[in-house]
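Below: one structure, written as C-alpha cells.
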Amino acid sequence: MSRILDDILSYREMCDAEGSQTMQRGMNFRMNPSYSVFLMSQKSNAPYADKIYDDGVTIEYEGHDLAKNYTENPKIQNQPEKLPSVK
C-alpha cells in the first residue's frame, strides 16, 4: 500500500500497515526494530499540546499525564520515571 505523507488512515488501516492487531494511544515503542509510532491528536480540543513542526519531521510530544490517583492536578506534575511501587 503506497501512502503519501498527508494521507489519513483509519485505525484498522494503520494497524494493518504496522502488522499489528492493536495499537495503543500515545507511544508505541519499537513497532519495528528501526522505529516507534507516536499517535497524537491534532484536533483543537486535544488533551495534549502535541504538535508537528513545519519541517514535517520534528514533533513536540507532551506525552501523558501522571495518573490522577497520584496527584490532584496531573497536568502540572511530570510523570515519574518509576511508580512508587517499583523499587
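Work out from phi, with θ = phi - 60° and the Karplus expression 6.51 cos²θ - 1.76 cosθ + 1.60, the ³J(HN,Hα) of each residue of segment 34-42, listed in order in whole Hz, and give x for Gly and Pro.
9, 7, 10, 10, 10, 9, 9, 7, 10
Near the amide H of residue 26, under 5 Å away, which other amide H atoms are found, from residues 5 or more places off or on another chain, if H is placed in the peptide plane?
39
Computed from the coordinates by the stated procedures, all read-outs in this text should not be read as laboratory data. Everything numeric in this text was worked out from a predicted model, so none of it was measured.
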